Amino acid sequence: MNAKFADLAPAFLQNRRQDVIAILDALDRGDFAAVESLGHGMKGAGGSWGFQAITDIGAAVEQAAASADANASRKWVGELARYLDRVAIVAD
């Protein structure tokens, strides 16, 4: 990762941790539109920051929410949480 982005990446990843909380809250309320929107945002942002897994998981969250599939949505947000727990930032 470019050193410029490496300095900013921790805040980006913290925002994704906040997304995990927001998605779980939205799922508890049955607000699939919010879950879909959050997934869509992750899908768009992950690759731009060099985190393709976030893009892939975001796409899966978006698709699960579009189908109003709470179980799949929870599965994918769990994948995101696990990824965030183990991701490491490596600058070039």
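The values are calculated or read from the model by the stated rules, or taken from the named source; none is laboratory data. A quick note: this is a predicted structure, and the numbers were derived from the prediction, not measured. So basically every Cβ, Gly included, is an ideal-geometry build from the backbone, and we count neighbours across all protein chains shown. Heavy atoms of the whole protein, side chains included, go into the accessibility calculation; ligands, DNA and RNA do not. Shrake-Rupley method; radii C 1.70, N 1.55, O 1.52, S 1.80 Å.
Here are some notes:
- Taking the listed residues A65, A11, A60, the one that is without any contact (Cβ under 8 Å) to a residue 12 or more places away in the chain, part of a helix (DSSP H, G or I) and hydrophobic (A, V, I, L, M, F, W, C) is A11, with no other qualifying.
- Only one of the listed residues (F32, F51) is open to solvent by less than 40 Å² (accessible area, probe 1.4 Å) and of a type in the set (F, W, Y). That residue is F51.
- Selection of region 49-84 for residues being touching a Lys or Arg at 6+ places or on another chain (Cβ under 9 Å) and modelled with pLDDT under 95 yields only F51.
- When region 68-92 is filtered for residues that are free of Cβ contacts under 8 Å to residues at least 12 places away in the same chain, assigned to a loop (DSSP other than H, G, I, E, B) and small (G, A, S), only A88 remains.
- Candidates A45, A34 - the one that is aliphatic (A, V, I, L, M) and either modelled with pLDDT of 95 or more or over 10 Å from the mean Cα position of the chain (by Cα) (or both): A34
- In region 19-29, of all residues being open to solvent by 50 Å² or more (accessible area, probe 1.4 Å) and free of Cβ contacts under 8 Å to residues at least 40 places away in the same chain, the one that is nearest to the chain's Cα centre (by Cα) corresponds to I21.
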